[in-house]
Amino acid sequence: MLSNQIIDWYLQYKRDLPWRNTSDPYKIWISEIMLQQTRVATATDYFNRFLNQFPTVSDLAMADEREVLKLWQGLGYYSRARNLHATAKIIHTDYNGVFPNTYKDILKLKGIGTYTAAAISSFAFNLPYAALDGNVFRVLSRVYSIDKPIDTGEGKKFFQELATETMGNARPEIYNQAIIEFGALQCTPRTPNCVTCPIQANCLAFGNGQVDQLPLKSKQIKTKNRYFYYLFLSCENRFIIEKREGKDIWKNMYQYPLIESDKAISTKKLLQTSKWKELFENKELVIQSICENVVHKLSHQNLHTTIIHINTDIDQLKEIKPYQIIDSSEIENYPFPKPIENHINATFENIP
DNA sequence: AATACGTGGCC
DNA sequence: TGGCCAAGTAT
């Protein structure tokens, strides 16, 4: 039986990961959120730091969102951190600090969809819900040679039923971890290790020679270009930041004052924008340097960033209103997106 | 249903 | 080296 073969493989080859060997739903929840669209190697250090700072769901509930985002800095998909924090508050108040223990209640929580609800339900409570993530899609599509696209509603429904069937009466807690780990280590996206695969004889795609063409995806992402002009306004170790609001990327994170354009513009044109005038009208300024056009690639957009460094005197900084001045010693208190983090690191590397 | 949401690694 | 991919979810 397929489920038993995969479990046997798992018992022999599984990795010892920080979130394994526990049935604490809090730890499992944190790990699952961090692992969404994120590699194990990247998530591991974040997981350890996070659990160290917030050992229980109530510790997390009591924190400021800014602190949570700071711990998440660099991990990406920051709505995960915001939802994690909001959900911790719900569990702390509505559930008296005790993690809900039914699939239905778990699925209601912000940031938890069908995959994560099944993962927590099975890993923590051994409930029989088949976890369907990218690994499981890949393994099932190959073993059964399914050429339905996995990124459509119909495809997801089909694979969810197939996953449930394949799990059968296997122990949910171990089976779900096993097939996910099998996908991550053995049945990998590129160059899967079919030579040593224990289920090679049962794999239809291997028989067809179609392993490298599965799973099938129908959609392709299109990227757009945006042009970011950051104003690094500094005076010795102090500089100006603003908080990002709204529904755009990096919500509730901090950055240098930003002038955005949908196309590249000259420094001369920047001088004519309303934001520039708002910041500098009637003030003296000297552009010290310009770091031009570093392209930061996100999944759906290319950000062409230019950082304009301007030295200003302290009195002038104080007059600029919706922005705040921070000292380099306060950097640890504010979450920054990668482009800003990179510039801060390069600028303040020699300053204690 | 289609799209937005980050970042880093890989070939 | 640019495009694809990695333990998805919300809208």
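Coordinate-derived values only; no laboratory data. Keep in mind that this is a model prediction, so the values were computed, not measured. Cβ placement follows ideal geometry from the backbone for every residue including glycine, while neighbour counts extend to all protein chains displayed.
Key figures
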| quantity | calculated |
| --- | --- |
| Relative packing of peptides A:302-315, A:117-130, A:321-334 - highest average C-beta neighbours within 10 Å first | A:117-130, A:302-315, A:321-334 |
| Cleavage-rule hits (GluC sites (Glu not before Pro)) in the range A:226-304: DSSP loop, at most 15 neighbouring Cβ within 10 angstrom | A:Glu236, A:Glu245, A:Glu281, A:Glu284 |
| At R0 = 30 Å, FRET efficiency that the Cβ-Cβ distance of A:Gln220 and A:Arg190 yields, to 0.05 | 0.95 |
| Computed label-point distance, nm, for sites A:Ile325 and A:Asn293 using a 7 Å Cα→Cβ extension | 3.5 nm |
| Footprinting exposure proxy for A:Asp262, A:Asp151 (fewest neighbouring C-beta atoms within 10 Å first) | A:Asp262, A:Asp151 |
| Residue among A:Thr191, A:Thr42, A:Thr102 with the largest mean-square fluctuation in a Gaussian network model of chain A, springs linking Cα atoms under 10 Å | A:Thr191 |
| FRET efficiency estimate (nearest 0.05) - Cβ-Cβ, A:Asn311 to A:Asp151, R0 41 angstrom | 0.25 |
| Per-residue Cβ neighbour rank within 10 angstrom, fewest leading, A:Lys263, A:Lys247, A:Lys156 | A:Lys247, A:Lys263, A:Lys156 |
| J(HN,Hα) series, the range A:155-171, from Karplus relation 6.51 cos²θ - 1.76 cosθ + 1.60, nearest Hz, glycine and proline x | x, 4, 4, 4, 5, 5, 5, 5, 5, 5, 4, 5, 5, x, 9, 4, 5 |
| Listed residue pairs exceeding 20 Å between alpha carbons, taken from A:Lys277/A:Lys318; A:Lys243/A:Lys338; A:Lys27/A:Lys338; A:Lys108/A:Lys217; A:Lys70/A:Lys277 | A:Lys27/A:Lys338; A:Lys108/A:Lys217; A:Lys70/A:Lys277 |
| GNM flexibility winner over chain A from A:Lys297, A:Lys108, A:Lys148 (Cα, springs under 10 Å) | A:Lys297 |
